[in-house]
Amino acid sequence: MSIKVENLTKIYGSQKAVNDVSFSIKSGEIVGFLGPNGAGKSTTMKILTGFISPTSGKAFVNEKSVATEKLQIQKEIGYLPEHNPLYLEMYVREYLQFCGRVHKIEKKRIEEVITLTGLTLEAHKKIEQLSKGYRQRVGLAAALLHNPEVLILDEPTTGLDPNQLVEIRELIKEIGKTKTILLSTHIMQEVEAVCDRVIIIHKGKLVADQKLKDLREENQQIIQVEFDYKIENVALQKLPNLNKIENPTGSFFYELSFNTQKDMRSEVFDFAQEKGLKILQMNQKLKNLEDLFREATTEKTPTNKA
Ligand code: ADP
Ligand code: MG
């Protein structure tokens, strides 16, 4: 395992910023750490990189404990912190040389990283002259200098314009071919564009952990259907392959989740006919990351629970 956290908890005052979170990441995976603002992403990442200590629980990078082998771990990870703190008055190459001193990086490696991150034409410029997208490249370059196996990137695309966004995502994907990456974001599309797997965190708790491949192949089908009259859940439960009933608006509108490749619309139609119900509208969709995110991060009140 490249990254492992076990029952990680961080309490600020009376608030649990991270609440009993456990997950592990295999070498070579690109994992999206997804959650709304304030979910606990940055706190988890700061613990993993040894910048803050957990209140309880353990964190490991390449099987080494962050608590006892912090310095060694910092050699094995590259960290792009939230808000990418840079020395704006420095020149790009100068800044990377400055960062490189910590790890005694050779000049040759600095030039390699400048090429890799597409900074060749900007290397002689002052950081303050660069666009946000190019500043992110500088942050990534700094994180990559010591050629770490594991990269921890905290919201690497926040604040970028759409073109810069695409470029930085491409760059991360390219880098990810040879590294393990944990990347935090509050944007679902980012995960779809870049990651192999998603871990969703909400109010400090891990609420979902799924491979995107499985999500795409799961054939989770949602039929949204509106009847002209109320139908009991017990009756709906007779439908084959049904795994969830939701009644989000409380009226005669239902969201029925099925686990099958078969198109369930005709089954629902036959069901309605058998029960003497009319279908006012019906719509089929395949469950995607958006549904997973919505389910994992919205509190259900007792009235709209199936
Ligand atoms: P995210 O990165 O997912 O937006 P954070 O990990 O930054 O979330 O924050 C999680 C929660 O912990 C938030 O409610 C935040 O206000 C709180 N928090 C973070 N850092 C501190 C701190 N140093 N002191 C007190 N509360 C904090
Ligand atoms: Mg954050």
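Some notes on this structure:
- Around Gln284: net Lys/Arg minus Asp/Glu count, Cβ-Cβ under 10 Å: +1
- Shape analysis of the chain places it in the prolate category; the axes a ≥ b ≥ c from the Cα gyration tensor give an a/c of at least 1.5, with a/b above b/c.
- Within the range 1-58, chymotrypsin sites (Phe, Trp or Tyr not before Pro) in DSSP loop having at most 15 other beta-carbon neighbours inside 10 Å: Phe51
- Between Leu121, Leu242, Leu153, the Gaussian network model of the chain with springs among Cα atoms under 10 angstrom shows the greatest mean-square fluctuation at Leu121.
- Amide H contacts of Lys205 (H built 1.01 Å from N, in plane; Pro and chain starts excluded): Asn19 sit under 5 Å, all sequence-distant by 5 or more or on other chains.
- For the chain, share of DSSP beta bridges that run antiparallel, in % to the nearest 5: 70
- Think of the chain as having a plus end and a minus end, set by charges on the Cβ of Lys, Arg, Asp and Glu; of Val207, Gln237, Ser2, Ser2 sits farthest toward the positive end of this dipole.
- Full extension of the chain between His186 and Glu174 gives 2.2 nm of extra length, using 0.36 nm per residue less the Cα-Cα distance.
- In order along the range 197-213, the phi-based Karplus estimate (6.51 cos²θ - 1.76 cosθ + 1.60, θ = phi - 60°) of 3J(HN,Hα) comes to 8, 10, 10, 9, 10, 9, 6, x, 10, 6, 10, 7, 8, 8, 6, 5, 4 Hz; Gly and Pro are listed as x.
- 23 Å Cα-Cα threshold exceeded, pairs from Lys26/Lys205; Lys41/Lys179; Lys70/Lys126; Lys26/Lys203; Lys64/Lys108; Lys213/Lys285: Lys70/Lys126; Lys26/Lys203; Lys64/Lys108
- Under 5 Å from the amide H of Ile52 lie the amide H atoms of Ile47, each residue being 5 or more positions distant or on a separate chain, with H modelled from the backbone and absent for Pro and chain starts.
- Ligands, DNA and RNA are left out, and with a 1.4 angstrom probe the accessible area of the chain is 51 Å² per residue.
- Cα centroid separation - the range 19-37 against the range 88-145, whole Å: 27
- Note, ³J(HN,Hα) from phi for the range 2-17, Karplus 6.51, -1.76, 1.60, rounded to Hz, x at Gly and Pro: 7, 9, 8, 10, 10, 6, 6, 9, 10, 10, 10, x, 10, 9, 8, 6
- Residue-count net charge about Asn19 - beta-carbon cut-off 10 Å; Lys, Arg +1, Asp, Glu -1: +3
- Accessible surface of the chain [probe 1.4 Å, protein heavy atoms]: carbon and sulfur percent: 50
- Residue of Thr260, Thr180, Thr44 that the Gaussian network model of the chain assigns the largest fluctuation, springs spanning Cα pairs under 10 Å: Thr260
- In the elastic network of the chain, a GNM with C-alpha springs shorter than 10 Å, the most mobile of Gly13, Gly139, Gly159 is Gly13.
- Given +1 at the Cβ of Lys and Arg, -1 at the Cβ of Asp and Glu and no other charges, the dipole of the chain around its Cα centre is 780 debye to the nearest 20.
- Cα centre as origin, Lys/Arg/Asp/Glu Cβ charges: the range 48-133 dipole, Debye: 160
The values are calculated or read from the model by the stated rules, or taken from the named source; none is laboratory data. Every value quoted in this text rests on a predicted model; they were computed, and no experiment measured them. We place every Cβ from the backbone using ideal geometry, glycine too, and count neighbours over all the protein chains shown. Please note that ligands, DNA and RNA were not included when accessible areas were found on the heavy atoms of the full protein model with its side chains. Shrake-Rupley method; radii C 1.70, N 1.55, O 1.52, S 1.80 Å.
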